[in-house]
Ligand code: NOJ
């Protein structure tokens, strides 16, 4: 099981209100207690923080707000000592506009690094070269004119994040060196930011107004993601794979909504493991959840292993999108599917989006509410900081926190812990195959997981009414878990009826 830490918001060791590496190291035992196998750290590199670390000025340096390289080494060592692996974010598509590479590139059309970024002459009338838009709603065109040299540069995100030119072998080699640098420091893998964007259409043709695969998975119903992924991207990702070797986990952010095009990023096991975005834009209904999984299963290449996540730092919080009852049900789904589960920090507590008043807003794309400080305890700084937190801590932190939930047998945290323990000791849940039951009752989503002679039935009722999973005389086995903390476990009830928004895990003896 994987766990995402957003370093600014996990734990602040020095009281400046911003989380840091030492803070994370000091809280690793929470991850061990939860049953995490590997932790993914969002960027902690040198950055002007326009996009909070996804705008980098030195990929091999730690921003002072987060600590030092020695703190990374200490974190990696402490994680490894606890049996946790560490994945770091790599941001290959763009740099900060204050990166020395870009400073040199923009200095003149003849600069030796001109070709490290994507430059183009103005379009007719002096406007942008084409109609490409930034992925950020507020950022408008994906092109900004550089007055000094009279050309536009491409930026898929803010104008402070110019896109690198991956057609240039020197750029590819420079990013390969970044990967080698972190591998040599002992990290176990990478989350590859915006991996589908590395190669651009060389003709710079206008994008069609709207086609299905341009729709972003990140924004429900959204059409902001104006990039058509290019066939050449697979070749550069195969090169990346060759640099890191077959055993390094490469989790790719692949913002491609078309499932078949998305699945192509597995390559033949020689590219990445694309993070599965299918849940991010769907409602928490039985049909939507089932179709997300079944679509994924249908497009996976042979041997392709899914990595499912229900939340991340770009989305509204799971408990806000789904409500608290369905967040419990979603936890059961995530931790019993065929595939590796990835949990966003705080989702195991049921943290919700925190309203951020406009004067306190920090993010250029409105994502602050899902990035607020981790809620450790009921103290004024929520155990996150002794200072003034960089984003607000909500009043609900008094009860929605690690300490309180650890002590409450019925809490969401203890549901996560129970599910992860169950998964760890069940071959069927860990590695078994997945067979959905026919959707005879539209309110139910049920599936078998089976490995050897262990057969596990998972049933979810994402409706507001009770549902019969197994009529009288048909259910035998042991009820291993329910989202209802008051339901007695042990012999499976006959008939097996689920309450509204209940999910169960049953080990069958047939
Ligand atoms: C995707 C990251 O998850 C997001 O936070 C970031 O703003 C963009 N890529 C740009 O790096």
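Looking only at the stretch 140-191, count how many residues are in a loop (DSSP other than H, G, I, E, B), under 15 Å from residue 92 (Cβ atoms) and more than 16 Å from the ligand (Cβ to nearest atom).
Count: 3.
Determine whether the stretch 88-96 contains at least one residue that is more than 13 Å from the ligand (Cβ to nearest atom), part of a loop (DSSP other than H, G, I, E, B) and either in the same structural domain as residue 250 (by TED's automatic domain parsing) or closer than 30 Å to residue 200 by Cα (or both).
No: zero hits.
Conditions: (1) under 21 Å from residue 389 (Cβ atoms); (2) outside any loop (DSSP other than H, G, I, E, B); (3) within 16 Å of the ligand (Cβ to nearest atom). Residue 71 meets all but one. Number of the miss?
(3)
Give the stretch 380-391 a look and list any residue that's more than 8 Å from residue 17 (Cα to Cα) and surrounded by fewer than 17 Cβ atoms within 10 Å (Cβ to Cβ), or say none.
Result: 380, single match.
Return only the number of the condition from (1) more than 15 Å from the ligand (Cβ to nearest atom); (2) surrounded by fewer than 19 Cβ atoms within 10 Å (Cβ to Cβ) that residue 48 does not satisfy.
Residue 48 satisfies all of (1) more than 15 Å from the ligand (Cβ to nearest atom); (2) surrounded by fewer than 19 Cβ atoms within 10 Å (Cβ to Cβ) except (1).
Checking the structure you have, find out if any residue of the stretch 362-385 is away from the ligand (no atom under 16 Å from the Cβ), under 29 Å from residue 161 (Cβ atoms) and more than 18 Å from the chain's Cα centre (by Cα).
yes
I'd like the full set of residues that are surrounded by fewer than 21 Cβ atoms within 10 Å (Cβ to Cβ) and either within 16 Å of the ligand (Cβ to nearest atom) or over 19 Å from residue 307 (Cβ atoms) (or both), limited to the stretch 1-26.
13, 14, 15, 16, 17, 22, 25, 26
On the basis of being under 19 Å from residue 192 (Cα atoms) and surrounded by fewer than 18 Cβ atoms within 10 Å (Cβ to Cβ), does residue 291 make the cut?
no
So residue 137 ticks every box in (1) within 16 Å of the ligand (Cβ to nearest atom); (2) farther than 22 Å from residue 370 by Cβ; (3) surrounded by fewer than 22 Cβ atoms within 10 Å (Cβ to Cβ) but one. Which box is left unticked?
(2)
Output the strands (runs of 3 or more DSSP E) that fall wholly within the stretch 399-510 and possess 1 or more residues being free of Cβ contacts under 8 Å to residues at least 24 places away in the same chain, or say none.
Fully inside the stretch 399-510 and qualifying: 433-436, 444-451, 478-482.
Quick one: is residue 334 in a helix (DSSP H, G or I), over 18 Å from residue 432 (Cα atoms), away from the ligand (no atom under 16 Å from the Cβ) and touching a helix residue (DSSP H, G or I) at 6+ places or on another chain (Cβ under 9 Å)?
no
Do you know which residues across the stretch 280-313 are assigned to a loop (DSSP other than H, G, I, E, B), within 16 Å of the ligand (Cβ to nearest atom) and touching a residue at least 40 places away in the same chain (Cβ under 8 Å)?
280, 281, 311, 312, 313, listed by residue number.
Being outside the structural domain of residue 12 (by TED's automatic domain parsing), within 16 Å of the ligand (Cβ to nearest atom) and crowded, with 17+ Cβ neighbours inside 10 Å is the requirement here; does residue 118 meet it?
yes
State all residues of the stretch 318-333 that are within 21 Å of residue 253 (Cβ to Cβ) and touching a residue at least 40 places away in the same chain (Cβ under 8 Å); if no residue qualifies, say none.
Correct list: 330 only.
The values are calculated or read from the model by the stated rules, or taken from the named source; none is laboratory data. Quantities reported herein were computed from a predicted structural model and do not represent experimental measurements. All Cβ positions, even for glycine, are placed from backbone atoms using ideal geometry, and neighbour counts span all protein chains on display.
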